[in-house]
Amino acid sequence: MIGTSIVEASKQLLVHYKNSVPYHLKVIDAFLLYVAFTAAIQFVYVLLVGTFPFNAFLAGFFSCIGVFVLTVGLRMQLNPQNQSPANRWQRINPSRAFTEWLFCNLVLHIAVINFIG
Amino acid sequence: MGMPTQLSINYTRTIGLSTKQQQQLLFRFAVLLIACCVSFCIRLFAVIRYESIIHEFDPWFNFRATKVLVEQGTFEFWNWFDSASWYPLGRIVGGTVYPGIMYSAATIYHILHALTFPVDIKDVCVMMAPLFSCFTNIVTYFFTKQVSDTTAGLFAACFIAMVPGYLSRSVAGSYDNECVAITAMILCFFLIVKSVHTGSLFWSGLTCLAYLYMVASWGGYVFITNIYPIYVLVLILCGRYSQRLYVAYSTFYVIGTLLSMQIRFVGFQAVQSSEHMGALIVFVFLQCYCFVNWIRSLVPRDVFVTLYRIFFLAVGAMFMLAAFLATATGYLGPWTGRFYSLLDPTYASKHIPIIASVAEHQPTAWGSYFFDLHILSMLVPAGIYFCFQNVNDGVIFLILYGSFAAYFAGVMVRLMLVLAPAACVLSGIAFSKLLVPNVAQLRKWEQKKDESQWSEIKGVASSWIGVVRRFYCLDSGVDLYSFGWLEVLVLFSSGWFVVVIVCFCASLCLVRLRIACSEPSFRSSWLRYNTKVDAKILSWWDYGYQISGFANRTVIVDNNTWNNSHIATVGRVLNSPERKAFQICKKLDVDYVLVIFGGALGYSSDDINKFLWPIRISHSVDSTVDESAYLTADGNYRVGEGAGPALVESLMYKLCYYRFGEVQFDRGNPAGYDKVRGEVIAKKKFKLRYFEEAFTSRNWLVRIYHVKDLPNIG
């Protein structure tokens, strides 16, 4: 009963996703999936092997999480559905949002390179 | 030919100022400038009155570290192992210090030298606090402006220039972490509110950088680490969740945490200790919340409910598992004592004598709220009231900050410093909200009364009269003249004159106290010229930084209380009988013992008055130490007739009162009369077998004893 409803619901989710999300956001989603996958691999590795160079693990993991979070932020700003007055994002155009994303990535990765050892 | 006109037109267009706006801008700029000048100048008082000198205890260490940084370079400082303190352990300074203030001072020093100003590093260090108080003014203005409006911002900036709670910690010469950290903290708060308001990645990134500076400066960064997640939770609970919030907080958590780990003193604590776990949990929660919201926007309601249930169960189970594993494997560090003492004010005095022994860590007395905040303590509730009248995301942050800071200030006197800016901002809002509507009314009266006899007296004079009338003839308060914007501020500042005087008195008292405190340090420089270079000095830990700063000799313990048992051992030396103390001293390789004794001068914060703390702390290394043996039969701490037998025999007593019974200081008092304790000491005549007097300062404030060598014949 629950199994079928899960399958049913996921199918519906997929259908709605395919229909309603514009193409350029799907590209971003693919990238997000990739980043999340990289983070998951590192996490599983640490669970299996151990945390020994802990700074290296943290740097790698935070790099993935950071890119993920920043890209979600970028995706939110690019999503036409989110241009509501509550979000006050009318003034952020795509190129500006992308530049800000680059800036944050720069800060993040300087720290990552410094920390990875 | 048309080029210049073209340019100027473009210029005005790009800046976009009409004449009125320009005036307002100029006006704001002027007020901020004046506020900065005032805040800088009133902090210079100690320097003008006495001399350019570093005060107190911790600044001495910071100064010494800064000298290492400037003279030997960044990498040497990074790897600095200080073998001259915590003998024989030494201290890894590079890894156990918040380096923000040293780097700031060194940067300013290098900039000035690059501009060919040959300043001394000491003067840079002395001027750091006043300089950063100016920055605090500006940052507070922007913070308040972001939360409320520009008028409130100007008021807040003027308030924080003079608020005694902050002033007392940032006078020239108090070269301590806090003087930089308060600026960094307000900057963080401003950027947090700004990033939540705009939802822009850029501002969130800047928040992380400001947070890095805060982490580098002061251990109090934990306040920000915890107040931000609480703020996020409150916003979600209030139903004010927005994607702006997601962007701001997620960016802050990930980049901010990574950046904070770059400071060696914090390191892995940022992901391991319990103080940082709240931020992590809220981060995970926010991701889930955002994800659920996204799914909701994608699918119809019935499908969403099914998905939501599954998701909720899965995440809940994973979270429980993770929490269980983390505690079971001991991954989560224990809560540190200072944090416990924040939540439960009585925790420290029960369990950790070394924390309780510091005066700054005591709970706050009621009076100091008024003394440190002055009239702001009355205006804060009004400010909170006005905040609730016009709620936005930033205002909620301010209210949270204010209430948490008020709680923490009640727990620990030291944290009054965190409350002071909150009080300034809230009072600034209250002031502007009270005054702005009234100014229009006053202007009307002014126009009606234009023909009256007072009409020529404008500007400063009229507002002075206004003040006088307002304070002394409240019934004729209608007769306030000529209130333009400027004059309101003049009124305000003249009203504050009273406060400034109080501040001056406050800082004067502080300065006197500090001079009294630093007299021991001047005296301890005797060590520099009269002892061997590798001599080891034993004293209670309060004086460690000063001895290593002034005398440049190795000390056993200092104010960085990182090793409790080492301090307890020193306590044991001081409270043991002479023979036993001598044995421990020989084991520690001590050459000299330094005590501060105020009984001849009347200086009350001397070692005899602190002596109960060494006794309590040394209990942790030697459980035979019995506090009651140091007290009189009825449980009082006295040095006179009936003093505890262990006290009279203790090394501290003997070193302080050696030959004291032979000298009559005042005509009216008998020989051996202790001015601080107000009684004649119990045991006047005794000899020292294992120690010999090396130096006693003129007022007997500093007494230094040489530890004799072991006898040749057993």
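Looking at the stretch A:10-31, which of its residues are among the basic types (Lys, Arg) and farther than 20 Å from A:Gly73 by Cβ?
If the condition is that a residue be among the basic types (Lys, Arg) and farther than 20 Å from A:Gly73 by Cβ, then A:Lys11, A:Lys18 are the ones that fit.
Please determine whether any residue of the stretch B:37-53 is over 17 Å from B:Ala105 (Cα atoms), of a type outside the set (Lys, Arg) and in contact with a strand residue (DSSP E or B) (Cβ under 6 Å, 6 or more places away or on another chain).
So the first thing to find is which residues in the stretch B:37-53 are over 17 Å from B:Ala105 (Cα atoms), and the list is B:37-39, B:41-51.
Next cut, of a type outside the set (Lys, Arg) only: B:37-39, B:41-42, B:44-48, B:50-51.
Checking the rest, the ones that are also in contact with a strand residue (DSSP E or B) (Cβ under 6 Å, 6 or more places away or on another chain) come to none.
Taking every residue of the stretch B:37-53 in turn, none turns out to be over 17 Å from B:Ala105 (Cα atoms), of a type outside the set (Lys, Arg) and in contact with a strand residue (DSSP E or B) (Cβ under 6 Å, 6 or more places away or on another chain).
Can you name the residue in the stretch B:293-307 that is surrounded by fewer than 16 Cβ atoms within 10 Å (Cβ to Cβ) and within 49 Å of the chain's Cα centre (by Cα) and is also nearest to the other protein chains (Cβ to nearest Cβ) among such residues?
B:Ser297
I'm checking my understanding of the structure. Among residues of the stretch B:205-226 that are within 14 Å of chain A (Cβ to nearest Cβ) and among the aromatic types (Phe, Trp, Tyr), which one is nearest to B:Ala270 (Cα to Cα)?
Kept after step one, since they are within 14 Å of chain A (Cβ to nearest Cβ), are these residues of the stretch B:205-226: B:205-213, B:215-216.
If we keep only those that are among the aromatic types (Phe, Trp, Tyr) too, we end up with B:211, B:213.
Numbers: B:Tyr211: 13, B:Tyr213: 15 Å.
Checking each candidate, the answer is B:Tyr211.
Against the condition within 14 Å of chain A (Cβ to nearest Cβ), buried (at least 24 other Cβ atoms within 10 Å of the Cβ) and not basic (Lys, Arg), how does B:Cys188 come out, does it pass?
Numbers: within 14 Å of chain A (Cβ to nearest Cβ): no; buried (at least 24 other Cβ atoms within 10 Å of the Cβ): yes; not basic (Lys, Arg): yes.
No.
Considering only the stretch A:99-110, state which residues are at the interface with chain B (Cβ under 8 Å from one of its Cβ atoms) and in contact (Cβ under 8 Å) with a residue 40 or more places away in the chain.
A:Leu108
Can you name every residue in the stretch B:308-322 that is surrounded by 12 or more Cβ atoms within 10 Å (Cβ to Cβ) and within 17 Å of A:Ser5 (Cα to Cα)?
Residues satisfying the conditions are B:Tyr308, B:Arg309, B:Ile310, B:Phe311, B:Phe312.
Pairs only if they're at least six apart or on different chains, beta carbon under 8 angstrom, first in the stretch B:415-427 and more than 18 Å from B:Gln362 (Cβ to Cβ), second of a type in the set (S, T, N, Q); list them, first residue then second.
From the stretch B:415-427, the pairs are B:Pro421/B:Thr136; B:Pro421/B:Thr140; B:Ala423/B:Ser377; B:Cys424/B:Thr140; B:Val425/B:Thr140; B:Val425/B:Thr144.
Within the stretch B:659-668, is there a residue that is assigned to a helix (DSSP H, G or I), of a type outside the set (Asp, Glu), under 40 Å from the mean Cα position of the chain (by Cα) and in the same structural domain as B:Gln583 (by TED's automatic domain parsing)? Talk me through it step by step, then tell me what you get.
Looking only at the stretch B:659-668, we keep the residues that are assigned to a helix (DSSP H, G or I), and these are B:660-662.
Next cut, of a type outside the set (Asp, Glu) only: B:660-661.
Checking the rest, the ones that are also under 40 Å from the mean Cα position of the chain (by Cα) come to B:660.
Then drop every residue that is not in the same structural domain as B:Gln583 (by TED's automatic domain parsing), which leaves B:660.
There is at least one residue in the stretch B:659-668 that is assigned to a helix (DSSP H, G or I), of a type outside the set (Asp, Glu), under 40 Å from the mean Cα position of the chain (by Cα) and in the same structural domain as B:Gln583 (by TED's automatic domain parsing).
Which one of A:Asn93, A:Asn82 is at pLDDT below 95, facing another protein chain (nearest Cβ under 7 Å) and more than 14 Å from B:Thr251 (Cα to Cα)? Talk me through it step by step, then tell me what you get.
Working: A:Asn93 fails: facing another protein chain (nearest Cβ under 7 Å).
When all the criteria are applied, what remains is A:Asn82.
Given B:Tyr253, B:Tyr249, which one is buried (at least 23 other Cβ atoms within 10 Å of the Cβ) and more than 9 Å from every other protein chain (Cβ to nearest Cβ)?
Details: B:Tyr253 fails: more than 9 Å from every other protein chain (Cβ to nearest Cβ).
That would be B:Tyr249, the only listed residue that is buried (at least 23 other Cβ atoms within 10 Å of the Cβ) and more than 9 Å from every other protein chain (Cβ to nearest Cβ).
Within the stretch B:522-617, considering only helices (runs of 4 or more DSSP H) that don't extend past its boundaries, which have at least 2 residues that are of a type in the set (Lys, Arg) and more than 14 Å from B:Leu701 (Cα to Cα)? First the steps, then the outcome.
Details: elements: B:526-530, B:564-575, B:578-588, B:607-610.
Passing ranges, in order: B:578-588.
Tell me which of these B:Val215 doesn't satisfy, since it passes every other one: (1) farther than 17 Å from A:Glu100 by Cβ; (2) out of contact with any Phe, Trp or Tyr (no Cβ under 9 Å at 6 or more places or on another chain).
(2)
Tell me, yes or no, whether the stretch B:117-126 has at least one residue that is in contact (Cβ under 8 Å) with a residue 24 or more places away in the chain and touching a Gly at 6+ places or on another chain (Cβ under 9 Å).
yes
State yes or no: is A:Leu102 at pLDDT 95 or above and buried (at least 16 other Cβ atoms within 10 Å of the Cβ)? So that I can check it myself, show each step before the final result.
Working: at pLDDT 95 or above: yes; buried (at least 16 other Cβ atoms within 10 Å of the Cβ): no.
The answer is no for A:Leu102.
Among the numbered criteria (1) more than 14 Å from chain A (Cβ to nearest Cβ); (2) of a type outside the set (Asp, Glu); (3) surrounded by fewer than 21 Cβ atoms within 10 Å (Cβ to Cβ); (4) within 27 Å of the chain's Cα centre (by Cα), which single criterion is violated by B:Ile236?
(4) is the only condition that B:Ile236 fails.
Scan the stretch A:1-24 and tell me whether some residue there is at pLDDT 95 or above and more than 9 Å from chain B (Cβ to nearest Cβ).
Here is the first cut: in the stretch A:1-24, the residues at pLDDT 95 or above are none.
No: zero hits.
Yes or no, residue by residue, for (1) in contact with a strand residue (DSSP E or B) (Cβ under 7 Å, 6 or more places away or on another chain); (2) of a type in the set (Ser, Thr, Tyr); (3) buried (at least 21 other Cβ atoms within 10 Å of the Cβ):
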position	(1), (2), (3)
B:Asn62	no, no, yes
B:Ile92	yes, no, no
B:Ala114	no, no, no
B:Ser133	no, yes, yes
B:Thr136	no, yes, yes
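Being surrounded by fewer than 20 Cβ atoms within 10 Å (Cβ to Cβ) and in contact (Cβ under 8 Å) with a residue 40 or more places away in the chain is the requirement here; does B:Asn712 meet it? It would help to see each step written out before you state the result.
Working: surrounded by fewer than 20 Cβ atoms within 10 Å (Cβ to Cβ): yes; in contact (Cβ under 8 Å) with a residue 40 or more places away in the chain: no.
Answer is no for this residue.
If you take just the helices (runs of 4 or more DSSP H) that sit entirely in the stretch B:153-268, which of them hold at least 1 residues that are under 23 Å from A:Met76 (Cβ atoms) and modelled with pLDDT of 95 or more? Lay out the reasoning, then the answer.
Numbers: elements: B:164-167, B:177-198, B:201-217, B:221-237, B:243-260.
Of the helices (runs of 4 or more DSSP H) lying wholly inside the stretch B:153-268, those with at least 1 residues that are under 23 Å from A:Met76 (Cβ atoms) and modelled with pLDDT of 95 or more span B:177-198, B:201-217, B:221-237, B:243-260.
For (1) assigned to a helix (DSSP H, G or I); (2) more than 12 Å from every other protein chain (Cβ to nearest Cβ); (3) buried (at least 17 other Cβ atoms within 10 Å of the Cβ); (4) of a type in the set (Val, Ile, Thr), each residue gets a yes or a no:
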position: A:Ala39; (1), (2), (3), (4): yes, no, yes, no
position: A:Phe43; (1), (2), (3), (4): yes, no, no, no
position: A:Leu48; (1), (2), (3), (4): yes, yes, no, no
position: A:Phe52; (1), (2), (3), (4): no, yes, no, no
position: A:Phe57; (1), (2), (3), (4): yes, no, yes, no
position: A:Phe61; (1), (2), (3), (4): yes, no, yes, no
position: A:Cys64; (1), (2), (3), (4): yes, no, yes, no
position: A:Gly73; (1), (2), (3), (4): yes, no, yes, no
position: A:Ala97; (1), (2), (3), (4): yes, no, yes, no
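Conditions (1) touching a residue at least 60 places away in the same chain (Cβ under 8 Å); (2) closer than 26 Å to B:Asn564 by Cβ, marked per residue:
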site	(1), (2)
B:Val70	no, no
B:Ser85	yes, yes
B:Thr96	yes, yes
B:Ser104	yes, no
B:Leu112	no, no
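The values are calculated or read from the model by the stated rules, or taken from the named source; none is laboratory data. Not measured: the values here are computed from a predicted model. Every residue, glycine as well, gets a Cβ built from its backbone with ideal geometry; the counts of neighbours run over all protein chains shown.
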